[in-house]
1. If you go through the range 65-76, how many residues are surrounded by 15 or more Cβ atoms within 10 Å (Cβ to Cβ) and touching a strand residue (DSSP E or B) at 6+ places or on another chain (Cβ under 9 Å)?
2. Mind counting the residues in the range 77-90 that are touching a residue at least 40 places away in the same chain (Cβ under 8 Å), in contact with a strand residue (DSSP E or B) (Cβ under 6 Å, 6 or more places away or on another chain) and surrounded by fewer than 16 Cβ atoms within 10 Å (Cβ to Cβ)?
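What follows is calculated from the coordinates using simple rules that are stated; it is not laboratory data. These numbers were taken from a predicted model, which means no experiment stands behind them. Glycine also receives a Cβ, built like all others from the backbone with ideal geometry; neighbour counts cover every protein chain displayed.
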């Protein structure tokens, strides 16, 4: 039987994204930042694939590429049988 783990995280990325990256690339970098954050804090193994749900992607891009939200609450569902981690908005 497949074991499914579920976790919730509040991610504060406000100053990290705005200080480091040019305005037109901030939302795209926010998606990459969230994937890296989840891999590190949820202890997702390297051989797992991480997918971001379209609902979360819409939240990140809702105010355009230049101004992604500073804080996001996400839910991670890890499926060990399929070696997949899916990131949902919480």
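1. Taking the range 65-76 as the starting set, the residues that turn out to be surrounded by 15 or more Cβ atoms within 10 Å (Cβ to Cβ) are 65, 68-69, 72, 74-76.
Of the ones still in play, those that are also touching a strand residue (DSSP E or B) at 6+ places or on another chain (Cβ under 9 Å) are 72, 74-76.
Residues that pass the stated criteria total 4.
2. Residues of the range 77-90 touching a residue at least 40 places away in the same chain (Cβ under 8 Å): 77-82, 85, 87, 90.
If we keep only those that are in contact with a strand residue (DSSP E or B) (Cβ under 6 Å, 6 or more places away or on another chain) as well, we get 77-79, 85, 87, 90.
So of that shortlist, the ones also surrounded by fewer than 16 Cβ atoms within 10 Å (Cβ to Cβ) come out as 77, 79, 90.
Of the residues in the range 77-90, 3 are touching a residue at least 40 places away in the same chain (Cβ under 8 Å), in contact with a strand residue (DSSP E or B) (Cβ under 6 Å, 6 or more places away or on another chain) and surrounded by fewer than 16 Cβ atoms within 10 Å (Cβ to Cβ).
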